[in-house]
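Inspection log for the structure reproduced underneath, given as structure tokens.
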Amino acid sequence: MSALIIKSNSKVNIGLNILNHRPDGYHNINTVFQEIDFHDTLIVEKQKSGFSFSCNVDWLSNSNNNLCFQAWKKLKRLYDFGGVSIKLEKNIPPGKGLGGGSSNAASVLKALVKLYKLKISRKKLEQIGSGIGADIPFFINGGTQIGKGIGEVLKPLNVHIPGRYLLVMPKIFIDTSWAFRKFKKILDKPRDTINFTDFLKNGNIHFELFENDFESIVVPAYPEIGVIKNKLRDLGAVYASLSGSGSTVFGIFDEDATAKVAESHFLSKYKIFLSNPIKS
């Protein structure tokens, strides 16, 4: 085997609590990650040495800012293997809270292990990935997982969160570091950790108990996001929320027909995608 074609999926956060500021500059969080089938596509191929990269978008290049390159470089420091050529077809936009870059990096790590038959456990790959980006450990296994710490302390769940997921992506770029800085004043007060697992027991999901703390910062700064969320609920979503720090707003619909009606409402104004959850 010398090449792999990989679907690099995105994620949404079903609830996200920001708990406290850490000494290392990061923040502890509590969230439910749900992998969905809105994806980029990577062709990962062996080459004799070095790293080569091409992409369909001009904002992502072969540089240190490229998480695919960082993934190869970090693994190369630890293990002896050859080079890699990566062709990336990018669909997941940046600054939307969908984890596209992290997913790409996780896909590269898994592809290198498979192509070069490296003896590395998934747990070890998670540890390697956490040194590159907070969401990368989740994408090593995907599915539905509780995420704590900075997102790297993971607990896989035996259930997925069913429905049709309508992603609505306004032309707003949210800087995650800005959102965390704005949230700092709220963190001055003690915050309890919510047990999301209890909300998902027996397939009876209590969506009314889930909330994304970033909305208290992002919606006042970008009221359009609040308008989208409310409209998704008006159109029949059983749950609507910001994903991560945004700017994607998603709605979960019980019925495909209802989701498609909502899709037609947003189609003319926003980049949208109707997706499905990925089971573990």
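At a glance:
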quantity: Every residue from the stretch 229-280 that is small (Gly, Ala, Ser), open to solvent by 60 Å² or more (accessible area, probe 1.4 Å) and within 21 Å of the chain's Cα centre (by Cα); calculated: Ser280
quantity: Strands (runs of 3 or more DSSP E) fully within the stretch 235-280 counting 1 or more residues that are without any contact (Cβ under 8 Å) to a residue 60 or more places away in the chain, touching a strand residue (DSSP E or B) at 6+ places or on another chain (Cβ under 6 Å) and within 14 Å of Asp37 (Cβ to Cβ); calculated: none
quantity: Candidate set: the stretch 78-96, residues that are of a type in the set (Lys, Arg) and in a loop (DSSP other than H, G, I, E, B); chosen: the one surrounded by the fewest Cβ atoms within 10 Å (Cβ to Cβ); calculated: Lys90
quantity: Some residue of the stretch 248-268 being in contact with a Ser or Thr (Cβ under 8 Å, 6 or more places away or on another chain) and either more than 24 Å from Val218 (Cα to Cα) or not small (Gly, Ala, Ser) (or both); calculated: yes
quantity: Whichever residue in the stretch 9-36 is touching a Pro at 6+ places or on another chain (Cβ under 8 Å) and not aliphatic (A, V, I, L, M) and, among such residues, is least open to solvent (accessible area, probe 1.4 Å); calculated: Gln34
quantity: Total residues in the stretch 160-187, condition under 15 Å from Ile36 (Cβ atoms) and either aliphatic (A, V, I, L, M) or in a loop (DSSP other than H, G, I, E, B) (or both); calculated: 8
quantity: In the stretch 97-132, the residues that are part of a loop (DSSP other than H, G, I, E, B) and within 30 Å of Glu215 (Cβ to Cβ); calculated: Gly97, Leu98, Gly99, Gly131, Ile132
quantity: Selected residue (criterion: surrounded by the most Cβ atoms within 10 Å (Cβ to Cβ)) from residues of the stretch 54-77 that are touching a helix residue (DSSP H, G or I) at 6+ places or on another chain (Cβ under 7 Å), at pLDDT 95 or above and not charged (D, E, K, R); calculated: Ala71
quantity: Verdict on Gly251 being modelled with pLDDT under 95 and under 30 Å from Phe183 (Cβ atoms); calculated: no
quantity: Leading residue by the ranking (modelled with the highest pLDDT) among those in the stretch 165-180 that are open to solvent by 10 Å² or more (accessible area, probe 1.4 Å) and in contact with a Gly (Cβ under 9 Å, 6 or more places away or on another chain); calculated: Ile172
quantity: Single match in Asn64, Asn104 (criterion: of a type in the set (S, T, N, Q) and over 21 Å from Asn9 (Cβ atoms)); calculated: Asn64
quantity: Test: residue in the stretch 138-154 that is touching an Asp or Glu at 6+ places or on another chain (Cβ under 8 Å), modelled with pLDDT under 95, part of a loop (DSSP other than H, G, I, E, B) and farther than 27 Å from Trp72 by Cα; calculated: no
quantity: Residue in the stretch 43-63 that is in a strand (DSSP E or B) and within 19 Å of Gly142 (Cβ to Cβ) present; calculated: yes
quantity: Residue within the stretch 208-225 that is among the hydrophobic types (A, V, I, L, M, F, W, C), open to solvent by less than 30 Å² (accessible area, probe 1.4 Å), over 19 Å from the mean Cα position of the chain (by Cα) and modelled with pLDDT of 95 or more present; calculated: no
quantity: Some residue of the stretch 118-136 being touching a Phe, Trp or Tyr at 6+ places or on another chain (Cβ under 7 Å) and surrounded by fewer than 17 Cβ atoms within 10 Å (Cβ to Cβ); calculated: yes
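The values are calculated or read from the model by the stated rules, or taken from the named source; none is laboratory data. Predicted model only: the values in this text are computed from it and were never measured. Using ideal geometry, Cβ is built from the backbone for each residue, glycine included, and neighbour counts are taken over all protein chains shown. For accessibility, only protein heavy atoms count, side chains too; no ligands or nucleic acids. Shrake-Rupley method; radii C 1.70, N 1.55, O 1.52, S 1.80 Å.
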